[in-house]
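Visitor: The structure is given below, and queries will be raised subsequently.
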Amino acid sequence: MIDHTHDPAAVCWVESAAGHADFPVQNLPLGIFSLAGGSAPRGGTAIGDAVLDLVAIAPLLEADVAAAVKTTAGGTLNALAAAGPDVLRRLRHGLFALLTDPAQRPKVANHLHDAAGCTLHLPFAIGDYTDFYTGIHHAENIGRIFRPDNPLLPNYKYVPIGYHGRASSVRVSGGEVRRPMGQTRPAGHEAPGFGPSRRLDYELEMAIWVGQGNELGQPVPIGEAGAHIAGLSLLNDWSARDVQAWEYQPLGPFLAKNFHTGVSPWVVTLDALAPFRRAQPPRPAGDPAPLPYLYDEADQASGAFDITMEVLLTTRAMREAGLSPHRLSIGSTLAMYWTPAQLVAHHASNGCNLAPGDLLGTGTLSGADPSSFGSLMEITASGTQPIALPTGETRTFLEDGDEVVMTAWAEAEGRVRVGFGSCAGVIAP
């Protein structure tokens with residue numbers, strides 16, 4: 001629903017919020033933060049260059065909303081998200097009122113903290129993590145590399161393909177990513193060897209966070225699936241391509257994927273993204289229609305999101321020289337073959353019980369054009385076409401000291417741009 005909180009003329013009394021590229025008052029994403037000195041992690045919202053302590057201002061909100069907000073004092077958004085979309089919407093309305101009414105400034109200002117002095121944490125305690133494969137262009141590109149004669153398997157256009165990942169190795173943006181060890185079999189060798197991955201890659205994805213769950217054995221109808229989504233973040237599915245090539249048959253990804261998954265710390269709610277909903281792009285001629293349990297007219301009419309996603313790279317030499325990051329790609333979430341609601345409905349269609357804080361990855365979102373490819377595996381054609389960098393360095397896959405930074409934002413004519421912050425990681429030396 002588009003309402004007064006999306007008004008582009010709304011003015012926030014937090015000065016840094018005006019024109020902020022990511023966190024104007026029309027956004028109000030949710031996250032978990034702590035302050036220097038060992039304060040306990042708790043819920044916050046990003047506003048401009050500040051973080052607002054939600055627990056501290058809870059008494060200024062409606063009673064049931066305040067009770068849900070106070071649960072974030074435990075260091076996760078799980079219970080708040082489980083309260084459902086109505087509570088999240090009324091929280092948004094309450095925050096918007098407090099931050100746009102100058103008369104409320106004396107009650108709120110002391111609970112604003114400089115974002116640069118805050119530590120951001122994983123927004124949820126993640127019980128389960130599932131990674132999907134919704135980017136059809138990525139699926140085709142990778143399929144051509146691994147299966148040149150049969151790049152896209154026949155089930156792809158009927159089933160939202162996914163696999164269960166490793167929840168314990170999901171980490172919030174920032175810090176180091178350790179190069180994984182694993183079995184690989186180089187070309188021309190009969191037997192594999194064991195050692196560090198030499199073809200370390202990133203994957204540009206969105207994170208879909210489950211809010212309300214469902215009981216075991218009770219599927220989530222497609223028409224209700226959107227109400228089970230708390231919001232979206234960025235996700236980097238770090239991948240060891242040489243390990244993946246050897247191990248992925250017959251059961252799919254394992255050690256090539258479960259060593260580290262990065263997520264951005266701020267959860268942009270579906271209400272914040274309401275102005276950027278779009279119709280699901282039509283399927284190519286000849287593609288089958290979704291099966292009835294995955295088809296809903298309203299979801300097809302407005303279940304997709306027009307979000308721009310970008311990947312930047314810096315090497316150690318680039319940073320030492322003070323050079324700007326090198327853009328690797330820029331694309332759109334409209335590359336998803338399935339909507340977020342379809343992913344939720346399919347996941348629960350066999351009675352699987354989703355829980356608040358469960359994480360669903362969209363899969364790599366590559367566009368049709370090479371400038372929008374979401375992984376180095378695609379950009380460098382499996383390492384055969386190196387990227388030239390401003391320092392004269394080249395890259396086929398990631399080297400020690402490289403930093404990958406993902407950003408995303410949504411904008412439309414007559415609307416205020418909202419952003420997701422960043423999802424970053426440095427390959428440890």
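Taken together, the values in this text are just the output of simple stated rules run on the coordinates, not laboratory data. All values derive from a computational prediction rather than experimental measurement. FYI the Cβ positions are ideal-geometry reconstructions off the backbone, even for glycines, and counts take in every protein chain you see.
Visitor: Between ALA317 and VAL11, with labels modelled 7 Å along Cα→Cβ, what's the label distance in nm to one decimal, could you check?
Guide: The answer from the label model is 5.1 nm.
Visitor: Please arrange SER375, SER324 by how many other C-beta atoms lie within 10 Å of their C-beta, fewest to most.
Guide: The most exposed by this proxy come first: SER324, SER375.
Visitor: Hey, another quick one. By how many nm would the segment from ASP306 to ARG415 lengthen if fully extended, with 0.36 nm per residue of separation less the alpha-carbon distance?
Guide: Gain on extension, ASP306 to ARG415, equals 38.0 nm.
Visitor: Still on this model: Taking θ as phi - 60°, what are the ³J(HN,Hα) couplings along the range 217-228 by the Karplus curve (6.51, -1.76, 1.60), each to the nearest whole Hz, with x for Gly and Pro?
Guide: 3J(HN,Hα) across the range 217-228, in whole Hz: x, 10, x, 9, x, 4, x, 10, 5, x, 6, 8.
Visitor: Just going by the charge dipole of the chain, with Lys and Arg at +1 and Asp and Glu at -1 on Cβ, which of SER332, GLY31, GLY401 is farthest out on the positive end?
Guide: Sorting the options by dipole projection puts first GLY401.
Visitor: Could you please report the charge total around TYR163, scoring K, R as +1 and D, E as -1 over all other residues with beta-carbon less than 9 angstrom from its beta-carbon?
Guide: Every neighbour counted, the sum reads 0.
Visitor: In nm, to one decimal, how far is the modelled label at ALA73 from the one at ASP400, with both set 7 Å along Cα→Cβ?
Guide: My value for the distance between the label points is 4.7 nm.
Visitor: If a paramagnetic tag sat 7 Å from the Cα of SER371 along the Cα-Cβ line, which residues of the range 393-429 would have the backbone N under 14 Å from that point?
Guide: none
Visitor: Could you name the lysines in cross-link range of LYS70, using Cα to Cα under 19 Å and dropping any fewer than eight places away on the same chain?
Guide: Within the straight-line cut-off, LYS70 pairs with LYS107.
Visitor: Express in nm, to one decimal, how much length is gained between THR119 and ASP149 on full extension, taking 0.36 nm for each residue of separation and deducting their alpha carbon distance.
Guide: Difference between extended and current length: 5.9 nm.
Visitor: Give the order of THR72, THR364 when sorted by the count of other beta carbons within 10 angstrom, beginning with the fewest.
Guide: By the 10 Å Cβ count, ascending, the order reads THR72, THR364.
Visitor: At a Förster distance of 30 Å, what's the computed FRET efficiency of GLU62 paired with SER168, Cβ-Cβ distance as r, to 0.05?
Guide: Efficiency computed from Cβ-Cβ geometry: 0.25.
Visitor: While we're on this one: To the nearest 500 deg cm²/dmol, what mean residue ellipticity at 222 nm is calculated for the chain from DSSP H runs of n ≥ 4 alone, each contributing -39,500 (n - 2.57), summed and divided by the residues?
Guide: Calculated at 222 nm, the ellipticity per residue is -4500 deg cm²/dmol.
Visitor: Could you work out the local net charge near THR364, counting Lys and Arg as +1, Asp and Glu as -1, over the other residues with Cβ closer than 9 Å to its Cβ?
Guide: Counting the neighbours of THR364, the net charge comes to -4.
Visitor: If each residue's Cβ is checked for other Cβ atoms within 10 Å, how do LEU99, LEU251, LEU294, LEU77 rank with the fewest at the top?
Guide: Lowest to highest Cβ neighbour count: LEU251, LEU294, LEU99, LEU77.
Visitor: Please give the charge dipole size of the chain, origin at the Cα centre, charges +1 on K and R Cβ atoms and -1 on D and E Cβ atoms. Round to the nearest 20 debye.
Guide: My answer is approximately 500 debye.
Visitor: Follow-up question, since we're still on this one. For the chain, what is the percent of antiparallel DSSP beta bridges, rounded to the nearest 5?
Guide: Antiparallel: roughly 90 percent of the beta bridges in the chain.
Visitor: Can you tell me the length gained on complete extension of the stretch ARG185 to ALA36, counting 0.36 nm per residue apart and subtracting the Cα distance?
Guide: Computed gain between ARG185 and ALA36 is 49.0 nm.
Visitor: If r is the Cβ-Cβ distance from GLN249 to THR384 and R0 is 22 Å, what FRET efficiency results, to the nearest 0.05?
Guide: For R0 = 22 Å, the calculated efficiency reads 0.50.
Visitor: Under 19 Å from the 7 Å Cα→Cβ point of ALA274, by amide nitrogen: which residues of the range 63-100?
Guide: Hits in the range 63-100 for ALA274 at 19 Å: 65, 81, 83-100.
Visitor: On to the next question. Across the range 190-202, in residue order, what do the Karplus-derived ³J(HN,Hα) couplings come to in whole Hz, using 6.51 cos²θ - 1.76 cosθ + 1.60 with θ = phi - 60° and x for Gly and Pro?
Guide: Once rounded to whole Hz, the list reads 7, 10, x, x, 10, x, x, 4, 9, 10, 7, 9, 10.
Visitor: So what's the net charge close to VAL87: Lys and Arg +1, Asp and Glu -1, counting the other residues with Cβ under 15 Å from its Cβ?
Guide: 0
Visitor: Starting from the Cα of ASN353, step 7 Å along the direction of its Cβ; do the same at ALA227; then give the gap between the two resulting points in nm.
Guide: My value for the distance between the label points is 2.0 nm.
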